[in-house]
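Comments concern the structure below.
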Amino acid sequence: MKKTPFYVVAFLGLMTSCVDETTVFSETQDDITIEASEQALENSIVYDNAGVLDIFEEASTSGKSGLTSKDEEIAGDYPLTLVAQVDAPSFKGGENLTASHVHVDGDYAYVSYNTVEDGYAGAMDIINVSDPNNPRVTSRLYYSNADINSIQYNNGYVYFAGGVDAELSVRATSNSFLGKIAASSGRFAGTTNIEYVFQEGYNATDVVVEGNNVYVTSGQEGTLSIYNKSTLNSINESEFLDLRSVAVQDNNVAVLDASKGVAVLDLNLNIVKEIAIDSDFGINTKRTLDFSGDNIVVAEGAKGAGVYSIATGALKEYIPILINPNGVDSGDVVTNSVATNEGVLLMANGGAGLCLSEEQNDNTDLVGIIQLEGSVNYVATKGDYVFAASGKEGLQIIKLNKPDESLANRCSQLSLFSGSANLNVNSNQTLEYRGSKRFNSLNVNGSLLLCGSWTVKNEVGVNSNALFEMNGTFVVGRNNSRKNIVVNSGATMRVEGNLIIYGDLILNDGATIEFIGEDSVVNIFGDVKKSGNVSVEGKFKDVRNKF
């Protein structure tokens, strides 16, 4: 959101709504266009920084390290990978767009964009993430006169919240608006019959669709309003001084009011709990809240994230901001957004990066800062993905690489790996592990089986007469720092699952690579280099046709 109130050139023909009566307007608009070039959409996906992500752990961010040598570094949890980045849209009059919100539903991510500097322009993207190796922007819509601040897909429609300048509009009587556009199979239906409705407040800040209702917050002097998602008729509203975010869980509606804290309401918008928060939420800045089990997690700017009990409203803990190892301006060290995913808490900390923590029992344990470029202003997560809106770096798509449960069952008798980040298997050793770890390097002279999800930052060597078997996910290198897997004479690499190499697969004379089962996938960003007689066996999907 802007640091100044949102004022946008008038939409043609937008109408108003109130609690008693709602007027919905639909009309083709010259200020809205849909990207017609498939090449432009394809070029929006960038792989420059794709690959294995490091995590700057708590000790290293404070300049402290208990390590005496590289060999003693312990393999890290959370073997994350950066799948790709999505460049922010750019068009005449909209050259400075940044991602403002992300919503994930099924195979698609829906992204809204606004302008953080002077001038007003926005956009919306639909991104197909069904194939983790090849995300695609399937549809893009431009607004030449409006910032779009929040977005959600539901049952064939995209609902989005933004703002207009009511003083310049011949029809709008309030700055905040809710829009609704049909979308199917990853594409916006067109600019005809886009529906809009208005509510009080400087600008609409957040939108959530739950059941048959749409919940919309508007900022200063605004409201929490509920609309029927089919008709956009107004159902109810409640006035607040400065709403930034809304979340809905079961029969609870929680809103973040920057003037005083969190209010928990029932479905009739009666306040059942108020949680006073003495934090500086900034002026017209992005701040969110999210339910996490029996708690509410609130982005509180410079304080980091606060965790509060829904039942009592008591503060359970503050999760502080870990400073990026390279250092940032103190004014940009703020928690803008929080998101949770099956025991993982993610904090978008602006210039201080994207922080990952573990939720264990009643405590939150800091893990570290994920290696990402840019200022992280918003984060969303679902399933095996994390979506980070990173300022000028655009949208970054991260894969958590959670171990496949069926593989975990098959390998359930193996020991969990715990040891060096530089794993070396001697010629007389047979090692078998399950788990999910980050390695710096991997060198196999004997026999190694890894079940689960694993990343390696540097080279992988499968040396003469060695055997390396993997079940699950195995990722090597980054696209901007390519590393190779080398399989030497008489050695065998056996793959069941997903093998991703940001570098080359080098098969020397007498080497064998074998794919097991029907569903193995290999995604090589470099080349397959064969020297002499090599053997490639089994069925597999070759994503980039490198074999």
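So here's what we get for this one:
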{"read-out": "FRET efficiency, residue 40 to residue 428 (Cβ-Cβ, R0 45 Å, nearest 0.05)", "value": "0.20"}
{"read-out": "Computed [θ] at 222 nm, deg cm²/dmol, the chain (DSSP H ≥ 4; -39,500 (n - 2.57); rounded to nearest 500)", "value": "-500 deg cm²/dmol"}
{"read-out": "Overall form of the stretch 405-542 per C-alpha gyration tensor (a/c, 1.5; a/b vs b/c)", "value": "rounded"}
{"read-out": "Computed label-point distance, nm, for sites residue 409 and residue 465 using a 7 Å Cα→Cβ extension", "value": "3.9 nm"}
{"read-out": "Ranked list, fewest to most other Cβ atoms within 10 Å of each Cβ, for 91, 177, 468", "value": "91, 468, 177"}
{"read-out": "Net charge over other residues, Cβ less than 12 angstrom from the Cβ of residue 181 (K, R count +1; D, E count -1)", "value": "+1"}
{"read-out": "Beta bridge orientation in the chain: antiparallel %, DSSP, nearest 5", "value": "70 percent"}
{"read-out": "FRET efficiency for residue 317 and residue 155, using Cβ-Cβ distance with R0 set to 51 Å, rounded to 0.05", "value": "0.85"}
{"read-out": "Virtual spin-label span in nm between residue 373 and residue 418, 7 Å along Cα→Cβ", "value": "3.8 nm"}
{"read-out": "Net charge of neighbours whose Cβ lies under 13 Å from the Cβ of residue 446, counting Lys and Arg as +1 and Asp and Glu as -1", "value": "-2"}
{"read-out": "Charge sum, other residues only, whose C-beta stays under 13 Å from residue 45's C-beta, Lys/Arg counted +1 and Asp/Glu -1", "value": "-4"}
{"read-out": "Global form of the stretch 158-227, assessed from the alpha-carbon gyration tensor, a/c cut-off 1.5", "value": "oblate"}
{"read-out": "18 Å cut-off, amide nitrogen to a point 7 angstrom out along residue 539 Cα→Cβ, residues in the stretch 489-510", "value": "495-499"}
{"read-out": "Spherically averaged projected area in nm², based on the convex hull that wraps the Cα atoms of the chain", "value": "25.1 nm²"}
{"read-out": "Proxy reagent accessibility, fewest Cβ within 10 Å first, across 205, 335, 364, 312", "value": "312, 364, 335, 205"}
{"read-out": "Ascending count of other beta-carbon atoms within 10 Å, so fewest first, for 191, 288", "value": "191, 288"}
{"read-out": "Label point distance in nm, residue 189-residue 270, each placed 7 Å from Cα along Cα→Cβ", "value": "3.8 nm"}
{"read-out": "DSSP-loop trypsin sites (Lys or Arg not before Pro) across the stretch 74-171, with at most 12 other Cβ within 10 angstrom", "value": "92"}
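Any read-out appearing in this document is the output of simple, stated calculations on the displayed coordinates, not a laboratory observation. Here the structure is a predicted model, which means the values were calculated and not measured. Glycine gets a Cβ as well: all are built from the backbone with ideal geometry, and neighbour counts include every protein chain shown.
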